[in-house]
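Remarks on the structure that follows.
What follows is calculated from the coordinates using simple rules that are stated; it is not laboratory data. Because the structure is predicted, anything quoted here is derived from the model rather than measured. All Cβ positions, glycine included, derive from the backbone under ideal geometry; neighbour counts span all protein chains shown.
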């Protein structure tokens, strides 16, 4: 019995250490998204609080060969949560083949300040061709 009490204290301390307020302490992106926005973000500044996550949903169609790509993230106010995902349009919960969808980028607010972001919609193999669409915006962290 005397050994169980110190072991229980170590387990409780370890569990509480995982409950820190550092936004980077969520490596698996388990915190909920606090704001969703679409392509109307172009040319604007969105303000979010430290630790919050902003999701930007941009119209896309994978069958055309075009992909959204993050080309600029300036400033240390936010970090990009890895792996933007493409969600196809569905019919009764089943993805429709060839249907358009949207690509989602997630940004986590880390430090007070502003970060400038640019994403482009282009075919990866067309290196000397201008992007079909460009979305530029800023995220301000308070």
Requested in this report: Counting only C-alpha contacts under 8 Å and six or more residues apart, can you give the relative contact order of segment 26-141 as a whole percent?
Outcome: 34
**Report entry** Cβ-Cβ FRET estimate between residue 64 and residue 87, R0 fixed at 22 Å, reported to 0.05
**Finding:** 0.90
Report summary line: Listing 48, 117, 37 by rising number of other beta-carbon atoms within 10 angstrom, fewest first, gives 37, 48, 117
Requested in this report: Using a cut-off of under 12 Å, list every residue of segment 46-76 whose amide N is near the label point 7 Å from the Cα of residue 36 along the Cα-to-beta-carbon line.
Outcome: 55-58
**Report entry** Extension gain (nm, one decimal) between residue 74 and residue 123, 0.36 nm per residue minus Cα-Cα
**Finding:** 15.3 nm
